[in-house]
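Step one of this worksheet: look at the structure below.
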Amino acid sequence: MRIVAVSLGECWKDIGDFIVTSGAGLAIFPSGWSADRADLEPELSDGSLARRLMELAGRTSTALLAPYAEREDERTFASLLLVDGTGHGLCSYRKTHLSAGDQARRLARGNWMTIVPLLGRRIGLALDDDLLHPEMTRCLALEGATLLLGVAGFPRPVLRALALVRALENGVPCVLVSGEGMVAAGPDGQVWHDGAARSGLELPDPGEDSQDDFAARRRVELYRALMEPLPRS
């Protein structure tokens, strides 16, 4: 499975050629990637952007993961749209953990986590501040995710640290993309890839799953504080 990162300033007319030339099975777009789109207003999950991504995915036979502002009634979500290589939309994941800036913009919180089967993997999705909450990626791994994919606006050194820790602590690979490029780390504690935009990674075939080992060693009786509402006394 080859994964590539689309450049932040990539124009629509060049994206298809880049994806085909790269030979990727999955292309991931960074936040703010739509450099030549005049309309960046929130839109429906099956709106014009979704249709354009579906057409691109079907034409290139490549799955696409792209962040966008999703509108539903009067609410706006920061979301990730995942389209498979046949041009079919698989899911629209809504960010569950909001930053202070998100709250100031009055974004709504998503209320579910998402795992999607794609290209022989079970992919757990995360967006921006989701990655700062280790409970979320741990739950994705415990629910059977075999690959963690995230899009974030953090500097690449932060992205690298997050990818390493999330992969190591959960026993599954973690691939993160920002406007600065793509970082991937494995459950072996090694950085598999750290490259600028338009770079690619040939993801190794899944090996022996180690999530069961992590699950068996947990001490859930010690984690009750995670369920307590704040503030704690």
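The values are calculated or read from the model by the stated rules, or taken from the named source; none is laboratory data. These figures come from a predicted structure and were not determined experimentally. As a convention, Cβ positions derive from the backbone with ideal geometry for all residues, glycine included, and neighbour counts pool all protein chains shown.
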Quick one: would you say residue 120 is modelled with pLDDT of 90 or more, touching a Lys or Arg at 6+ places or on another chain (Cβ under 6 Å), surrounded by fewer than 17 Cβ atoms within 10 Å (Cβ to Cβ) and under 24 Å from residue 63 (Cα atoms)?
no
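Matching residues to (1) touching a Leu at 6+ places or on another chain (Cβ under 7 Å); (2) part of a strand (DSSP E or B); (3) of a type in the set (Lys, Arg):
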residue	(1), (2), (3)
7	no, no, no
13	no, no, yes
30	yes, no, no
56	yes, no, no
Can you tell me which residue within the stretch 99-137, out of those that are touching a residue at least 60 places away in the same chain (Cβ under 8 Å) and in a helix (DSSP H, G or I), is farthest from the chain's Cα centre (by Cα)?
135
Within the stretch 62-98, restricting to residues that are in a strand (DSSP E or B) and polar (S, T, N, Q), the one that is surrounded by the most Cβ atoms within 10 Å (Cβ to Cβ) is 79
A careful count of residues in the stretch 17-44 that are buried (at least 16 other Cβ atoms within 10 Å of the Cβ) and modelled with pLDDT of 90 or more gives 10
Take the residues in the stretch 136-168 that are within 20 Å of residue 204 (Cα to Cα) and of a type in the set (Val, Ile, Thr), then tell me which one is surrounded by the fewest Cβ atoms within 10 Å (Cβ to Cβ).
165
All conditions in (1) at pLDDT below 90; (2) buried (at least 18 other Cβ atoms within 10 Å of the Cβ); (3) farther than 27 Å from residue 79 by Cβ are true of residue 197 except (3)
